[in-house]
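The values are calculated or read from the model by the stated rules, or taken from the named source; none is laboratory data. From a predicted model like this one, the values you see are computed outputs, not experimental measurements. Because the Cβ atoms are built from the backbone with ideal geometry, glycine has one as well, and the counts that use them run over all protein chains shown. To get the accessible areas, we keep the full protein, side chains included, count just its heavy atoms, and leave off ligands, DNA and RNA. Shrake-Rupley method; radii C 1.70, N 1.55, O 1.52, S 1.80 Å.
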Amino acid sequence: MSGDARGGMERHSYDVVVVGAGGAGLRAAIAAHDSGARVAVVCKSLLGKAHTVMAEGGIAASMGNAYPEDNWEVHFRDTMRGGKMLNNWRMAQLHAQEAPERVMELEDWGALFDRTEDGLISQRDFGGHKYARLAHVGDRTGLEMIRTLQQRAVALGIDVFMECTVTDLFKADGKIAGAFAYWRESGRFIVFDTPSVILATGGIGKSFKVTSNSWEYTGDGHALAMRAGASLINMEFVQFHPTGMVWPPSVKGLLVTESVRGDGGILKNSEGERFMFDYIPDFFKDETADTIEEADRWYDDKKNNRRPPELLPRDEVARAINSEIKAGRGTPHGGIYLDIASRRAPEFIRKRLPSMYHQFKELADVDITAEPMEIGPTCHYVMGGVEVDADTQQSEVTGLYAVGECSGGMHGSNRLGGNSLGDLLVFGKRAGEAATAYANSLGDTRPQVDEADVKAAQTSALAPFEVEGGENPYTIQSDLQQSMNDLVGIIRTASELEESLSEIEAFKARAKTMVVEGHRQYNPGWHLALDLRNMLIVSECIAKAALAREESRGGHTRDDFPGPNAEWGTKNLVVNLDAEGTGVDLHEKPLPEMPDELKGYFA
């Protein structure tokens, strides 16, 4: 029946349905298509509008174009150390080994990378990476990646359902049978009959007030997986990118790429002090310059000098900036200064950082070739996500896969800059191939969607229209974002986390009576009411795991437990939906054992 008919419901059948059209989703869809699957991409927004484009700096891959001594072993070691050894070692290994091939493949498909004088793909420095290894296109690498993948997906004829939101997954005998969705414009419902669903929905940033994430990032994939019976890991680890815009208020949180520091930018407080030298942790002391002179020499002679402390991993830099602001050495708008104007010529800045130049000029009336930027930490990325098998990206639920920011394990407690784009290429391909292989293995015995489940999904989606006299979802969302920012932010304490969990329970109670006015035709209030369910459950996962982990590690800093704890370094925290389906259960799980041959890289 046509979706345009009164009360009608569309129905489609595919081998693989990919939810999300960022880099991970598109790469997974291309791999599934190339493996012979009938595949569809379902995306909440327009095709090409994805958080991937915010990854401005580049794709981390040990191609050795800048430093021939770079290789996958060094990249693997950097990734594990950046994640404070909490990474799934197998995912980190696969990523380091396969990222160079994925970059070359992207170039074969038409991506235009910056070049070295020898004509090779140019690679730049980034925080936490020993060698310059980020393949890049100015500061627009993510945009070029999306353009390339989008163009290829369209050329292959992959079906795309734009402005379409998935609200439920269907199962039969414990296996994925399909998905339930609605068109955002018309409000009509859609049922997808499919044995394989790949979640590639990105992150959870809209649970926080100050974030680089746009409106789509409401933890949809995380919540869909939990409701289907899958588990999440590492949810306590939220990355606050050290450099987001702080002024004007309308763009607070907007990302300022790490490339600014990679290309020579330095951090200063309101007293003009280059303060990062006061925040070098013991873990990185041997490889970090401890004088301004050595740090400055590194830009011209990387072999004989150690890296500037501005290029420490993001968690370290974000904490240092937060400390300076709290100590009263912040800028007039509550940030600190990022200065590249006094370090590089205007022509260099405009060539290497064209997006940053225009971003500050147009949004803040600041010329970054002549004056410093005001920046501060912004919620940027969640390391936690769906617990998956490293080789296939399949979750605990048969037929359900997760990839990119929606999955967990690859980045441990802290993601290195540049590893997100490599992650989505490497594991997007693996997920697409594995999902297709599973669908093909079923033959004529595919799980069938139960019509009672379809009716239940429809009733659930329409529930916000049935309430009278309830609360506006925008008010609840705003209060949730403020609460997460204040109580589960960059520095945490037990008392504040306990308070946050109490507040989340209160938000959940308020959400039961939230009301939506109007009709199903394009209704942002209804859309937010459905998204809010996901944001609440994901926020509870973050707060509960953050309260349980009594140490500081990577993207999780506890003021009452200021250092890392060796025992906590041996285990993950796993969260599942509770038996009633209204709350979160949490348990500990030992880390996968790393083989001895890989342990040797850390001796």
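Residues within the reach of a label modelled at Thr493 (point 7 angstrom out along Cα to beta-carbon, backbone nitrogen below 12 Å), restricted to segment 528-570, are 559-561.
So which of Lys130/Lys303; Lys209/Lys351; Lys44/Lys206; Lys130/Lys326; Lys206/Lys429; Lys84/Lys571 end up more than 21 Å apart by C-alpha? Listed pairs above 21 Å: Lys209/Lys351; Lys130/Lys326; Lys206/Lys429. Label-to-label distance, Glu468 versus Ala345, with points set 7 angstrom from Cα along the beta-carbon direction: 7.4 nm. Peptide packing: for 561-567, 232-238, the average count of neighbouring Cβ atoms within 10 Å per residue gives the ranking 232-238, 561-567, highest mean first. Treat the chain as a sphere of radius equal to its Kirkwood radius over Cα pairs and apply Stokes-Einstein at 37 °C in a medium of 0.692 mPa s; give the translational diffusion coefficient in µm²/s, rounded to a whole number. So the translational diffusion coefficient is about 135 µm²/s. On full extension, the segment bounded by Ser460 and Tyr522 gains 20.5 nm, given 0.36 nm per residue less the C-alpha separation. From the largest down, segment 167-235 spans 41, 35, 15 angstrom on the principal axes of its Cα atoms. Note: relative contact order over the chain, using C-alpha pairs below 8 Å and six or more positions apart, is 21 percent. What percentage of the solvent-accessible surface of segment 113-204, computed with a 1.4 Å probe over protein heavy atoms, is contributed by carbon and sulfur atoms? The nonpolar share, carbon plus sulfur, comes to 45 percent. The eigenvalues of the Cα gyration tensor, multiplied by 5 and square-rooted, give segment 344-479 an equivalent ellipsoid with semi-axes of 41, 28, 13 Å from largest to smallest. Highest average first, the peptides 250-261, 327-338 ordered by how many other beta carbon atoms sit within 10 Å of their residues are 250-261, 327-338. In terms of packing, defined here as the mean over residues of other Cβ atoms within 10 angstrom, the peptides 9-19, 509-519, 126-136 line up highest first as 126-136, 9-19, 509-519. Expressed as a fraction of 2.2 N^0.38 Å, the value expected for a compact globular protein of N residues, the C-alpha radius of gyration of segment 127-201 is 1.59.
Reported to the nearest whole Å, the Cα centre-to-centre distance from segment 86-127 to segment 51-81 is 6. Rounded to the nearest Hz, the phi-derived 3J(HN,Hα) couplings of segment 303-310 under the Karplus curve 6.51 cos²θ - 1.76 cosθ + 1.60 (θ = phi - 60°) are 6, 10, 9, 8, 5, x, x, 4, where x marks glycine and proline.
Hydrodynamic radius of segment 286-427 by the Kirkwood approach over all distinct alpha-carbon pairs: 18.2 Å.
For segment 238-250, the Karplus equation 6.51 cos²θ - 1.76 cosθ + 1.60, evaluated at θ = phi - 60°, returns couplings of 10, 8, 9, 5, x, 10, x, 5, 10, 8, x, x, 5 Hz by residue, with Gly and Pro reported as x. In the context of the full set of protein chains, the chain has a per residue accessible area of 37 Å² (1.4 Å probe).
Computed from the C-beta positions of Asp560 and Asp479 and an R0 of 30 Å, the FRET efficiency is 0.75 to the nearest 0.05. With a Förster radius of 60 Å applied to the C-beta separation of Ser270 and Glu117, the computed FRET efficiency comes to 0.90.
Percent of Cα pairs in segment 87-145 per distance bin of 5 Å, from zero to the largest separation: 4, 16, 22, 27, 19, 9, 2, 0. A simple spin-label model places pseudo-atoms 7 Å from Cα toward Cβ; at Ala603 and Asp290 they are separated by 2.7 nm. Put simply, the amide H of Val584, placed in the peptide plane, has neighbours under 5 Å in Asp578, leaving out anything fewer than 5 places away on its chain. With the convex hull drawn over the C-alpha atoms of segment 55-206, the volume per residue is 165 Å³. Measuring only protein heavy atoms, the 1.4 Å probe finds Glu98 accessible over about 40 Å². Taking only the C-alpha atoms of segment 488-603, the Rg (one decimal) and the largest Cα-Cα distance, Dmax (whole number), read 18.8, 63 Å.
Taken over segment 260-320, the convex hull of the Cα atoms encloses 85 Å³ per residue. Evaluating 6.51 cos²θ - 1.76 cosθ + 1.60 at θ = phi - 60° for every residue in segment 209-225, the Karplus couplings come out as 6, 9, 8, 8, 6, 9, 4, 6, 8, 10, x, 4, x, 4, 6, 4, 5 Hz, glycine and proline recorded as x. At what distance in angstrom do the alpha carbon centres of segment 148-203 and segment 317-396 lie from each other? Between the Cα centres of segment 148-203 and segment 317-396 lies a distance of 33 Å.
The angle separating the long axis of helix 23-34 from the principal Cα axis of greatest extent in the chain is about 60 degrees.
Please give the helix 89-108 orientation as an angle from the longest Cα principal axis of the chain, in degrees from 0 to 90, rounded to the nearest 10. Rounded to the nearest ten degrees, it is 90.
Segment 399-542 gives an Rg/Rh value of 1.06, both radii derived from C-alpha positions and Rh following Kirkwood.
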